[in-house]
Amino acid sequence: MKTDTILITGALGQIGSELAEKLKTIYGKNNVIISDIRDPKDVNYDGIYEVIDVLDVERIKEVIHKHNVKTVYHLAALLSGTAEKNPMFGWKLNMDTLLTFLELAKDKIIDKIFWPSSIGVFGPDTPKDNTPQNPIQTPSTVYGISKLSGEYWCKWYQQNHNVDVRSVRFPGLISWKTPAGGGTTDYAVDIYYKAIENKKYTCFLEENTYLPMLYMDDAIDAILKLMATDNNELNEFKSYNLGGLSFSPKELSIEIKKHIPEFEISYETDFRQAIADSWPSSIDDTEAKTDWGFEPKNSIEKMTEIMLTNLKIKLNK
Ligand code: AKB
């Protein structure tokens, strides 16, 4: 009999590349199938890689059948900046593909789904500080509209078809292994690369724009904890608020200067400033803490030290 396996979509992205390594150590290399749209010859991965265009439902079914996939971490998506520039494709990619996996779970072809939502579900009318789990939500970006609609779809499939789907609202994620791509919070990753390479960085957000952020290890830990929680302990579907950190570009630059005193930051805002202005500054994640033990461990100080140490090695500096 074939063993049940895990499939990660968008696995070569910022979250997927780190999640795959972690899942491999838990479930074994042959039980974690990673997929992305990139040609295998451009992929350096120790394990099973399948090319999947997530809009191709037949190809998804083929891979699921081939490997007896039972759990899917569906990470493929366009982030806020990219979706705003390509709204129809952003909507199609973010919505159609989630519905594909929800349908597969409804039809009992797969058992369980993890799907990330985002702080993008909040909007200009949402309280900005310590944003609660269920405030007014008026997203003003294509990304936010797609994530909020996705949350409602997850809830509908859970209520009407008993689909086991779990979700968190990620804030900006910071990591050194794989660069972020297409988001509004990406400055908080780019800044470290530029600080090491050029000792200066031009930020596309204003100096006092506070946004919620989380170091990647805490994000991966959150995914694993939520997915390991017994279904009976979780009430009706909710995409859990995750906070962790809250800082501005200016605060982050001060932290970097402690390690690289010559580092200089300047500011040239672009369209992403309006997106950031519509999002919360900090998040109330009490429900994630009480329901399944979310416990972020990294401060801005610790994260900066880890980022700079590892990026210096990675960039050979
Ligand atoms: C983005 O900036 O689009 C993402 C997010 C907060 O969901 N990092």
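No value in this document is a laboratory result; all are computed from the given coordinates. Values in this document were obtained by computation on a predicted structure and should not be read as measured data. As a convention, Cβ positions derive from the backbone with ideal geometry for all residues, glycine included, and neighbour counts pool all protein chains shown.
Please go through the residue pairs LYS258/LYS312; LYS22/LYS297; LYS22/LYS317 and name each one whose alpha carbons sit more than 19 Å apart in this structure.
LYS22/LYS317
Which order results if MET95, MET88 are arranged by neighbouring Cβ count within 10 Å, fewest first?
The fewest-first ordering by Cβ neighbours comes to MET88, MET95.
Give me the net charge of ILE220's neighbourhood, meaning all other residues with Cβ under 14 Å from the Cβ of ILE220; Lys, Arg count +1, Asp, Glu -1. Intermediate results must be reported in sequence, preceding the final value.
On the way: positive: LYS22, LYS24, LYS177, LYS225, LYS297; negative: GLU18, GLU21, ASP217, ASP218, ASP221, GLU295.
Residues close to ILE220 contribute a combined charge of -1.
Report the net charge of residues surrounding SER278, where surrounding means a beta-carbon distance below 12 angstrom and charges are Lys +1, Arg +1, Asp -1, Glu -1.
Details: positive: LYS128, ARG272; negative: GLU84, ASP125, ASP277.
Result for the local shell: -1.
Just how far, in whole angstrom, is the stretch 78-154 from the stretch 243-265 if you go by their alpha carbon centroids?
Between the Cα centre of the stretch 243-265 and that of the stretch 78-154, the gap is 30 Å.
Using a ≥ b ≥ c from the Cα gyration tensor of the chain (square roots of the eigenvalues), is it rounded, prolate or oblate, where a/c under 1.5 gives rounded and otherwise the larger of a/b and b/c decides, a/b for prolate? Spell out each step's value before the answer.
Working: a/c = 1.71, a/b = 1.36, b/c = 1.25.
Because a/c hits 1.5 or more and a/b exceeds b/c, the chain counts as prolate.
Dipole of the stretch 68-114, Cα-centred, from +1 at each Lys and Arg C-beta and -1 at each Asp and Glu C-beta, to the nearest 20 debye?
For the stretch 68-114, the charge dipole is close to 80 debye.
Using +1 on the beta carbon of Lys and Arg, -1 on that of Asp and Glu, and nothing else charged, what's the dipole of the stretch 131-197 about the Cα centre, debye to 20?
140
Specify which residue in the list VAL54, MET303, SER118 is farthest towards the positive end of the charge dipole of the chain, using unit charges on the beta carbon of Lys, Arg (+1) and Asp, Glu (-1), about the Cα centre.
After comparing all options, I get VAL54.
Using the crude model of +1 on Lys and Arg Cβ and -1 on Asp and Glu Cβ, and no other charge, please compute the dipole size for the stretch 18-63 relative to its Cα centre, in debye to 20.
Values: 7 positive and 11 negative charges, 48 e Å.
Value, rounded to 20: 240 debye.
Work through the residues other than VAL142 whose Cβ is under 11 Å from its Cβ and net out their charges, Lys, Arg +1 and Asp, Glu -1.
Once all neighbours under 11 Å are counted, the net charge is +2.
Compute the long axis of helix 300-314 from its Cα atoms, compare it with the longest principal axis of the Cα atoms of the chain, and write down the angle in degrees, 0 to 90, nearest 10.
80
Counting other beta carbons within 10 Å of each Cβ, put VAL51, VAL189 in order, fewest first.
VAL51, VAL189
Choose one of PRO171, ILE64, TRP91: the residue whose Cα lies farthest towards the positive end of the charge dipole of the chain (beta-carbon charges +1 Lys, Arg; -1 Asp, Glu; about the Cα centre).
Result: ILE64.
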